[in-house]
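Structure record follows, encoded as structure tokens.
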């Protein structure tokens, strides 16, 4: 992992990173080196020293007293799952800290250790100030009760006294925009409405350190925007926020620093941009390998597709704006001599529709004779007139007259984000004329 | 504000007011849900003890003649059944209370003690509702209210202490051994007949009287008969053979409570991961 070795001192660059995000940027004025310096000087709010947590997974899930009595000396066997291993971390007061990692990387376990729900096996955790166990929204909401009652109960569970909860009730409801539904049972709410209620309660609870676990995935765009505004407010009030998420856009937009976990261990801690990049590599690196394993057909003993990519203007690309020239390319090595092999490209969109296919056979192209050990680059150029989507490229090589059997075909080997200014709903958006002729 | 304290989750009562307020919130919500949306909610809570009582009363007065010569036998059976049902409700609900609140325990940090405490509170609310009906029944049956009635809250407190002690122990045992639930159901059944509910303690043969009264439920119910219904009937102290011997059932009550608290505190930090 070349780009993962980000040192903790490597603070963010001063340039605004988020000019491209579609949500209005609220925090950029603060995303400067001076903020980083201020944070570095701030007192430690959360200190994690060499924390490890191992779960014992018994082979037999529920043991019974009967068994225990009948076989008192039988030792119970179990597997060990090392969820968190030797994590050391310091978060400064007022910092917005992101924890990212793939499923099962231990980030939620770490958060639960921080929240005091799990007890670490070793190491120590220190929290300065009051902690809001904001682990998951909507815990403790009851469908049979009304919004009014649920708000009060949830607030008490999160640490307010009953009197405080009643005082803040109006604010909670106003923020959730649920004034008209106060006496409706929660089971009749839409899921978005209950999330709004839960979030509103959670932010009304005074806390110095907030733990947030992947909560922004739900709720409509307008409410997400409000949540982001609340994060901005909490941040400006100097609250420490620890966010667990898969959404790299959120990490890059809000976090001062972030940490990447993999198999319970810290891969790196540092500037969010670098962490997001490392995370993506970890993920897409894995996807690439899976593609090799699962969706490669052909023996690739005669011809082997080494790689495939999208390009534009002679450079490899990951995204492209509409109207630009789009290049599809593959590199192939031949292990045996071959004459006029057929090269083909298939382009699929994010829902798997084939939107474009081309091949040397369709173009009635004689590709020539190749020797064993020879390598070749195959290129196709076209204008990007596609609907906005993620596109995947499947390159293939076949023997002339070999029918459908490919020598090598690697599905979805490369991907590209093709942008467009508007989504028309059609698969294509070619240049076209539009006339209205009277009479 | 760099006070970094080493923390571990637990059952601890660092802030007793918060524990009580949390437990009360959970208990009251639970209790309210039983009546929610059903006009007959209160009637249904009464239906179970009273219907059972009706059958028992007919069988034991008209057929088995157990109540012969006992003043206010009907009121005694009813009151005993209601108190025993309270004990049974607390302990049996406690067995599964932690798994039932799994979503809270696995997601939030709060003193774990709140959960069993809320079980007792809900049961106390139910008991309060039923007691109103029982008191009315007793007065109709001819019992005159007197000062002895003020002993009732003390007896209920002792019964609660016993129930929560046993309940806490059962709740953590259940996480390890899932067959605790059927085992305890059978135990409750046995305890029902081993306690003076359908009969009075004084009909137990003399030689077994003292060991019999070591059962805290037997002592509580016998004392209830003396203070609530019939001051001329033997109280717990008489039945067991003198005040000092009352220390035995009391020791069992507070011993269970201590054992329950000890076991619960020991397991509390790891409840969330064992669920």
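A short reminder: the numbers here are calculations on the coordinates, not readings from a lab. Please read all numbers here as calculations on a predicted model, not as lab measurements. No Cβ is skipped: glycine too gets one built from the backbone with ideal geometry, and neighbour counts run over all protein chains shown.
A few points about this structure:
- With a Förster radius of 51 Å applied to the C-beta separation of residue A:390 and residue A:66, the computed FRET efficiency comes to 0.40.
- At R0 = 25 Å, FRET efficiency that the Cβ-Cβ distance of residue B:20 and residue B:52 yields, to 0.05: 0.15
- Packing-based ranking of A:313-322, A:261-270, A:424-433 yields A:261-270, A:313-322, A:424-433, ordered from highest to lowest mean Cβ neighbour count within 10 Å.
- Paramagnetic label zone (point 7 Å from Cα along Cα-to-C-beta, residue A:400; backbone N under 15 Å) in region A:361-383: A:361-371
- Out of every Cα-Cα pair that region B:14-274 contains, those further apart than 28 angstrom amount to 37 percent.
- Pairwise inverse Cα distances across region A:91-136, averaged and inverted, put the Kirkwood hydrodynamic radius at 12.0 Å.
- Diffusion coefficient, µm² s⁻¹, Stokes-Einstein with Kirkwood Rh over alpha-carbon pairs of region B:182-275 at 10 °C and 1.306 mPa s: 106 µm²/s
- Label positions at residue A:182 and residue A:306, each projected 7 Å from the Cα along the C-beta direction, are separated by 7.1 nm.
- Here the extension length gained between residue A:361 and residue A:336 equals 7.0 nm, from 0.36 nm per residue of separation less the Cα-Cα distance.
- 10 Å Cβ neighbours from other chains, averaged over peptide A:108-120: 4
- Once the Kirkwood radius over Cα pairs is known for region A:317-411, the Stokes-Einstein relation at 20 °C and 1.002 mPa s delivers a diffusion coefficient of 149 µm²/s.
- Take every pair of alpha-carbon atoms less than 8 Å apart whose residues are at least six positions apart; their mean separation over the length of chain B yields a relative contact order of 27 percent.
- Distance between modelled label sites at residue B:154 and residue B:266, nm, 7 Å Cα→Cβ extension: 3.3 nm
- Sorting the segments B:146-156, B:22-32, A:323-333 by their mean number of nearby beta carbons within 10 angstrom, highest to lowest, gives B:22-32, A:323-333, B:146-156.
- Calculated FRET efficiency for the pair residue B:129/residue A:280, C-beta based, R₀ 51 Å, to 0.05: 0.30
- q = 0.15, 0.16, 0.26 Å⁻¹: log10 I(q)/I(0) that the Debye formula gives for region B:38-131, counting C-alpha atoms only: -0.72, -0.77, -1.25
- Relative contact order (%) - criterion: Cα under 8 Å, at least six apart; region: region A:329-372: 48 percent
- Remark: mean inter-chain Cβ contacts per residue of A:146-156 equal 2, using a 10 Å Cβ-Cβ cutoff to other protein chain atoms.
- Estimated inter-spin distance, residue A:382 and residue A:353, nm [label 7 Å along Cα→Cβ]: 1.4 nm
- Take the convex hull of the alpha carbons in the protein assembly as shown; its mean projected area over all directions comes to 48.4 nm².
- Secondary-structure-derived ellipticity at 222 nm for the protein assembly as shown, considering helices only, amounts to -13000 deg cm²/dmol, per-run term -39500 (n - 2.57) for DSSP H runs with n ≥ 4.
- Segment residue A:247-residue A:55, extension gain: residue separation times 0.36 nm, minus the distance between their alpha carbons: 66.4 nm
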